[in-house]
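Each remark here refers to the structure printed beneath this line.
The values are calculated or read from the model by the stated rules, or taken from the named source; none is laboratory data. Source: prediction; values computed, not measured. Neighbour counts run over all protein chains shown; Cβ positions are idealised from the backbone, glycine included. Only protein heavy atoms, including side chains, enter the accessible area calculation; ligands, DNA and RNA are left aside. Shrake-Rupley method; radii C 1.70, N 1.55, O 1.52, S 1.80 Å.
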Protein chains: 2
Amino acid sequence: MALVVQKYGGSSVADASCIKRVAQRIVATKKAGNDVVVVVSAMGDTTDELLDLAQQVSPLPPGRELDMLLTAGERISMALLAMAIANLGHEARSFTGSQAGVITDSTHGKARIIDVTPGRLREAVDLGHIAIVAGFQGVSQNTKDITTLGRGGSDTTAVALAAALEADVCEIYTDVDGVFTADPRVVPAARKIDRISYEEMMEMAACGSKILHLRCVEYARRFDLPIHVRSSFSTKEGTWVVSDPDSEGTEMEQPIISGVAHDRSEAKITVVGVPDKVGEAATIFKTLADAEINIDMIVQNVSAAATGRTDISFTLPTSDGPTALSALKKVQDRIGFESLQFDDQIGKVSLIGAGMRSHPGVTATFFAALADAGVNIEMISTSEIRISVIVGQDEVDAAVSAAHRAFDLDADQVEAVVYGGTGR
Amino acid sequence: MALVVQKYGGSSVADASCIKRVAQRIVATKKAGNDVVVVVSAMGDTTDELLDLAQQVSPLPPGRELDMLLTAGERISMALLAMAIANLGHEARSFTGSQAGVITDSTHGKARIIDVTPGRLREAVDLGHIAIVAGFQGVSQNTKDITTLGRGGSDTTAVALAAALEADVCEIYTDVDGVFTADPRVVPAARKIDRISYEEMMEMAACGSKILHLRCVEYARRFDLPIHVRSSFSTKEGTWVVSDPDSEGTEMEQPIISGVAHDRSEAKITVVGVPDKVGEAATIFKTLADAEINIDMIVQNVSAAATGRTDISFTLPTSDGPTALSALKKVQDRIGFESLQFDDQIGKVSLIGAGMRSHPGVTATFFAALADAGVNIEMISTSEIRISVIVGQDEVDAAVSAAHRAFDLDADQVEAVVYGGTGR
């Protein structure tokens, strides 16, 4: 008998009929002889509706109270799901994050899980019950206040519980059939990936693939827990995220490139005319770090000998742009740079593949494909298994398609079906 | 410095603007130098909407899960209220029933409070914070499951917390100015009662007055906790429910009658042709008790000598009618009664007044008033401070008006203003 942890996102439980369908799926898993623990997000737009209510009473609601408010969303969906399962003749018990033993730090809105004590879940499962757990939420170790985990929180809850319960697999249900070689909305010929390594999946997540959050994949890797990303609208096998994707593969050689990710949510800031002195760059990035801004890529031009000045460009989440600009303006006199440029019309395109390690020609092929497609590269960054470029935002689609084709990722026919919206 | 517990019902927090208004009122109480603990119901129709969702996934949802679902309602309203208070520059902390220490038995849907351990509330108040508590909910002592308190639950939460915290007063905010001598919709000349005893208020509640639930008044009486029923839409003094309403009164004599209550929610069942033998009535009411049906009034006719049979009539909540009829049919052969009659076109009109004890003429005046109004009395029951009669449902208004006038309760001008709907 296997222990399966399943996670259903907001679009999978958007209304009563969706909830009944998910209940049938859960019962089928139980009937197949598995113990089942289910993690569920809030229904469809509930979170947005609650945030809207909060905005109506306070422009800047306290984090503690916002967490108290938002956690009502999962409370509703999990209770309804437990009822729907009971209506199919199976015992189900819903548990809040706190009841399920999800212990976090006290950082409201983006708490980190610091311990998992799933005693009540274990007890329920041992009694043959199906346990339904609220995703995205926990209880702080010190203050005993309700916390939320922030982005990717429900996926992370599922992986954390699966690890603590030593589950055989964590199934993440979504509205597509799995992880694709590129976003099917951009590349209709994108193919579903059957198996992918944690490392590649983490790079995909970091580079704009929204199907799994970086944090949840990191957690799974730490505990070597297999994740199965699959559609809640079909019974097809999805994508397995595992430590060694080739161990059970039938292919003789792993593909060089696993997928092409893209991200339109970043902007670029250029600090123009920075005096070319030791420590100036350090001051700039210390300033940004103090403002809690995450920098992605950085490029420093070669200093022009005549002026003794250089330009430093970096990318960051577009939403952090105003904060970053105002933080930098405050140190302009001290550093002595000339001006700031802000460009939110950029996009990042990334090639990801563990095979890259042993294939030195990848960069050349990628850049040639972009050149043939008439796409200009503004910035470049690489890791051992990834090459990312910054291009103009209106050239992202062309760049993704060109790269996908250049590495023979195109399928013979369209595979992807997108069924609905996205959850949290 | 006084400690004030305030309770706001669903209509007082129906939307964002209502919540902001309530927040101002709470802050004003705090600024006046009081410590404040607030108990809040779910917003407006939230509970009905959640019940509707439950019905969509399951015709008979398990009590544990229904409680989990419904408690999301107060979680939303209390977090929003705390945010609105924070936005006015005051510290507020919301607490679930469980966090507030409302310990109950495990009877889902109508749990009883068995202990109150308000340590976290005390701590918050000692820090100068305003504590906001979810009404209507608690946590079961044995299973640690979330429970709801059933009808009157939020009022009872407020009174229970006020008692445990040794508050100076429990203010119950509602959409009318207080307790009236009769329902102002029936008797426009009804007057607001300034002070009333626990006993009279309990009789009023038991006889159909919906402003306070019997259970909450019982609780307050046990701890001798003053309740102040007042409008959340005005700053006028409302009605004080206390042990000795005349101690501070300016009137030389207490009124004979405090108020006239009515109730249209009962029905009458007549068991026709019961053999006049010892134990038959006992069997009938044992049968009803086993079916968990609460009987109100009972009348047994004098046995007709010729037949040796009698009729037994009793009243019960109309909603319990089908259950009662089917339970009785099952024992028809054993008891040997002839038939059952069901009449849901009845109403109960009750005169309540502690002064009745020393004024023997009340019944005569009451019955004369009803006779003058052409109202036929079907059943009668009395307590030390109450006289109730069953009349035809379409005669209830006339009976209430006639009684109100006969005991000089009519005000010189209309006092009552009804501001909105009702909460739970």
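One table, with the values for the structure above:
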{"read-out": "Computed FRET value (nearest 0.05) for A:Lys144 with A:Ala2, which takes r as the C-beta separation and R₀ as 41 Å", "value": "0.75"}
{"read-out": "Cα-centre dipole for segment B:266-343 with unit charges at Cβ (Lys and Arg positive, Asp and Glu negative), debye to 20", "value": "240"}
{"read-out": "Carbon plus sulfur fraction of accessible area for segment B:41-86, probe 1.4 Å, in percent", "value": "56"}
{"read-out": "Potential extension, B:Thr283-B:Arg151 segment - 0.36 nm per residue separation minus Cα distance", "value": "44.5 nm"}
{"read-out": "The protein assembly as shown: antiparallel DSSP beta bridges as a percent of all, rounded to 5", "value": "60"}
{"read-out": "Relative contact order computed over segment A:65-179 (Cα-Cα under 8 Å; 6+ residues apart), in percent", "value": "26"}
{"read-out": "Gaussian network model of chain B, springs between alpha carbon atoms under 10 Å - residue of B:Ala371, B:Ala160, B:Ala206 with greatest fluctuation", "value": "B:Ala371"}
{"read-out": "Label-to-label distance, nm, for residues given as B:Asp48 and B:Val414 (7 Å Cα→Cβ offset)", "value": "2.5"}
{"read-out": "Shape parameters for segment B:142-301, alpha-carbon atoms, Rg then Dmax in Å", "value": "19.4, 60"}
{"read-out": "Per-residue mean of C-beta atoms belonging to partner chains within 10 Å, peptide B:127-137", "value": "0"}
{"read-out": "Three-way shape label, chain B, alpha-carbon gyration tensor, a/c 1.5", "value": "oblate"}
{"read-out": "Residue-averaged beta-carbon neighbours from other chains (10 angstrom radius) around A:95-108", "value": "1"}
{"read-out": "Amide H partners (placed H, <5 Å) of B:Lys110, local residues excluded", "value": "B:Thr148"}
{"read-out": "Lys/Arg +1, Asp/Glu -1 at C-beta; segment A:309-363 dipole; positive extreme among A:Ser358, A:Ser319, A:Val331", "value": "A:Ser358"}
{"read-out": "Amide proton proximity set for A:Asp296, modelled H, under 5 Å, gap of 5+", "value": "A:Thr315, A:Leu316"}
{"read-out": "Highest-fluctuation residue, B:Ala368, B:Ala23, B:Ala261 considered, GNM on chain B with Cα pairs under 10 Å", "value": "B:Ala368"}
{"read-out": "Cα gyration tensor shape of segment A:284-351, rounded if a/c is under 1.5, else prolate or oblate by comparing a/b with b/c", "value": "oblate"}
{"read-out": "Debye intensity ratio I(q)/I(0), log10, segment B:346-406, q values 0.12, 0.13 Å⁻¹ (C-alpha model)", "value": "-0.24, -0.28"}
{"read-out": "Two-decimal ratio, the protein assembly as shown, of alpha-carbon radius of gyration to 2.2 N^0.38 Å", "value": "1.21"}
{"read-out": "Theoretical ellipticity at 222 nm over chain A - DSSP helices of four or more residues, -39500 (n - 2.57) apiece, nearest 500", "value": "-10000 deg cm²/dmol"}
{"read-out": "Accessible area buried, both sides summed, chains A and B with 1.4 Å probe, Å²", "value": "3200"}
{"read-out": "Peptide A:49-62 - average C-beta neighbours from other chains (10 Å radius)", "value": "6"}
{"read-out": "Separation in nanometres of the label points that stand 7 Å from Cα toward Cβ, at A:Glu218 and B:Ser265", "value": "5.4"}
{"read-out": "In sequence order, calculated HN-Hα J values of segment B:132-139 (Karplus, 6.51, -1.76, 1.60; Hz; x Gly/Pro)", "value": "10, 10, 5, x, 6, 9, x, 10"}
{"read-out": "C-alpha long axis of helix B:280-290 to longest principal axis of chain B, angle in °", "value": "20"}
{"read-out": "Cβ-placed point charges (K, R +1; D, E -1), dipole of the protein assembly as shown about Cα centre in debye, nearest 20", "value": "740"}
{"read-out": "Net dipole in debye of segment B:3-249 [+1 Lys, Arg Cβ; -1 Asp, Glu Cβ; about Cα centre; nearest 20]", "value": "420"}
{"read-out": "Shortest-first nm distances, A:Pro275 label point to equivalent points in other copies (7 Å, Cα→Cβ)", "value": "11.4"}
{"read-out": "Rotational relation A to B, axis-closest Cβ in chain A, residue and distance rounded to whole Å", "value": "A:Ala72, 2"}
{"read-out": "Label point distance in nm, A:Ala371-A:Ser243, each placed 7 Å from Cα along Cα→Cβ", "value": "4.2"}
{"read-out": "GluC sites (Glu not before Pro), loop per DSSP, at most 11 other Cβ atoms within 10 Å - longest free stretch of chain A", "value": "A:1-165"}
{"read-out": "For chain B, built as a Gaussian network whose Cα springs stay under 10 Å, the top-fluctuating residue of B:Leu328, B:Leu351, B:Leu165", "value": "B:Leu328"}
{"read-out": "In Hz, Karplus ³J(HN,Hα) per residue of segment B:158-169 (6.51, -1.76, 1.60; θ = phi - 60°; x = Gly, Pro)", "value": "4, 5, 5, 5, 4, 5, 5, 8, 6, 5, 7, 7"}
{"read-out": "Amide hydrogen neighbours beyond the local backbone of A:Gln6, cut-off 5 Å, H modeled", "value": "A:Val37, A:Val38, A:Val39, A:Glu171"}
{"read-out": "Alpha-carbon gyration tensor eigenvalues x 5, square-rooted, for segment A:3-175, Å", "value": "26, 19, 12"}
{"read-out": "FRET efficiency estimate (nearest 0.05) - Cβ-Cβ, A:Asp168 to A:Leu127, R0 22 angstrom", "value": "0.65"}
{"read-out": "DSSP bridge orientation in segment B:109-258 - percent antiparallel, rounded to nearest 5", "value": "45"}
{"read-out": "Considering only chain A, percent of DSSP beta bridges that pair antiparallel, nearest 5", "value": "60"}
{"read-out": "Karplus (6.51, -1.76, 1.60) ³J(HN,Hα), θ = phi - 60°, over segment A:354-359, in Hz, Gly and Pro reported as x", "value": "5, x, 4, 3, 10, 10"}
